[in-house]
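Participant: So that we are looking at the same thing, I have put the structure below in structure tokens.
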Amino acid sequence: MTDELRPFLLHWGITAISLWVASHIFKGVRFADTSSLIVSALLLGFANAVVKPLLIVLTLPLTFVTLGFFLLVINALMILMVSALVKGFKVSGFWTALFASIFVSLLSIAIEAFLQDSTTVHRIEMPRSGVWL
């Protein structure tokens with residue numbers, strides 16, 4: 001059970017750290033206390049897992065027309081939605097949410113790359129039965 005829980009907790013912690021750093025860099029992003037930061041990170045992960053894919057599918061033509069740049073708007077909307085739902089989390093406006101979402105995404109990717117075990121090799125093996133599908 002702990003093997004399945006460990007990646008979730010690690011990603012949750014990385015998101016919380018990225019949001020905390022973003023709140024110190026961007027004046028328009030503020031947390032009232034630590035509990036609002038932790039709840040915001042959890043809710044942002046949930047929104048990115050459930051709501052974001054639905055928005056991507058619904059706005060697929062617009063995403064194609066903008067060559068994928070509309071995904072940045074969807075990321076900003078996720079942060080604005082979480083700030084509307086969590087009482088102690090405040091974002092001053094759309095542009096702050098847009099730049100904060102870019103920053104949080106890049107910092108999360110950098111932290112995960114740093115923490116990833118470089119000695120782990122992922123091998124793809126053929127199925128033993130000989131059936132691919």
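No value in this document is a laboratory result; all are computed from the given coordinates. Keep in mind the model is a prediction, meaning the values are calculated, not measured. FYI the Cβ positions are ideal-geometry reconstructions off the backbone, even for glycines, and counts take in every protein chain you see.
Participant: In the stretch 33-52, is there at least one residue being surrounded by fewer than 17 Cβ atoms within 10 Å (Cβ to Cβ) and not in a helix (DSSP H, G or I)?
Facilitator: yes
Quick grid of which residues meet (1) more than 12 Å from the chain's Cα centre (by Cα); (2) under 13 Å from SER101 (Cβ atoms); (3) touching a residue at least 24 places away in the same chain (Cβ under 8 Å):
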| site | (1), (2), (3) |
| --- | --- |
| PHE26 | yes, yes, yes |
| LEU42 | no, no, yes |
| PHE64 | yes, no, no |
| GLY68 | yes, no, no |
| VAL86 | yes, no, yes |
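Participant: Yes or no: ILE74 β-branched (Val, Ile, Thr), out of contact with any Leu (no Cβ under 8 Å at 6 or more places or on another chain), without any contact (Cβ under 8 Å) to a residue 40 or more places away in the chain and surrounded by 16 or more Cβ atoms within 10 Å (Cβ to Cβ)?
Facilitator: Values: β-branched (Val, Ile, Thr): yes; out of contact with any Leu (no Cβ under 8 Å at 6 or more places or on another chain): no; without any contact (Cβ under 8 Å) to a residue 40 or more places away in the chain: yes; surrounded by 16 or more Cβ atoms within 10 Å (Cβ to Cβ): yes.
It is false that ILE74 is β-branched (Val, Ile, Thr), out of contact with any Leu (no Cβ under 8 Å at 6 or more places or on another chain), without any contact (Cβ under 8 Å) to a residue 40 or more places away in the chain and surrounded by 16 or more Cβ atoms within 10 Å (Cβ to Cβ).
Participant: Here's another thing I want to ask about it. Go over the candidates GLY13, GLY68 one by one and state the one that is surrounded by fewer than 18 Cβ atoms within 10 Å (Cβ to Cβ) and not in a helix (DSSP H, G or I).
Facilitator: GLY68
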